[in-house]
Amino acid sequence: QVQLVESGGALVQAGGSLRLSCVASGRIFSIDTMAWYRQTPGEQRELVATITDGGDTNYQDFVKGRFTISRDNDKNTVYLQMNSLQPEDTAVYYCNAPRIKTQRGIQFDTWGQGTQVTVSP
């Protein structure tokens, strides 16, 4: 079973920056698209950004120009650099991999446990 583990969440003041990391561990052959989502209490989880194994990226409008998603395929790691953070960015951020090729076959829709990002005014 491949697992995703996020880290890097913290309390930061508005205008500050954070870098989230998500490491996939296990017997991995390859990971296709990876994504970051976020969720606030009482709300549905929302997509933030995606990156393909080839490095193509896509962002939701509310983070364009502020957040950057990247990955290191050799380390099975995806990052989310978050700049110019605002209080409305406060959420639990989750890493997701829709499709992972493992030694035992395809593992679908894998999620991490989440990391809390809190932005104070």
* Asked: What does the convex hull of the Cα atoms of the chain come to per residue, in Å³, rounded to a whole number?
  -> 90
* Asked: How much of the DSSP beta bridge set in the chain is antiparallel, as a percent to the nearest 5?
  -> 95
* Counting only heavy atoms of the protein chains, get the accessible area per residue of the chain (1.4 Å probe) and round it to a whole Å² value. => 54
* Which percent of the accessible area of the chain is formed by carbon and sulfur heavy atoms (probe 1.4 angstrom)? -> 44
* Using a 10 Å cut-off on Cβ atoms, rank the peptides 21-28, 93-100 from the highest mean neighbour count down. => 93-100, 21-28
* Over region 1-43, what lengths in whole Å, largest first, do the semi-axes of the equivalent ellipsoid take, defined as the square roots of 5 times the eigenvalues of the alpha-carbon gyration tensor? -> 26, 14, 10
* **Simple Cβ-charge dipole of the chain, Lys/Arg +1 and Asp/Glu -1, about Cα centre, in debye nearest 20** => 300
* Asked: Any idea which of Val119, Met82, Ile100 is furthest toward the positive side of the dipole for region 57-121, if Lys and Arg beta-carbons carry +1 and Asp and Glu beta-carbons -1?
  -> Ile100
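The values are calculated or read from the model by the stated rules, or taken from the named source; none is laboratory data. Small disclaimer: the values here were computed from a predicted structure and weren't measured. Cβ coordinates were reconstructed from backbone atoms using ideal geometry, including for glycine residues, and neighbour counts include every protein chain displayed. Accessible surface is based on the protein model in full, side chains and every heavy atom, while ligands, DNA and RNA are left aside. Shrake-Rupley method; radii C 1.70, N 1.55, O 1.52, S 1.80 Å.
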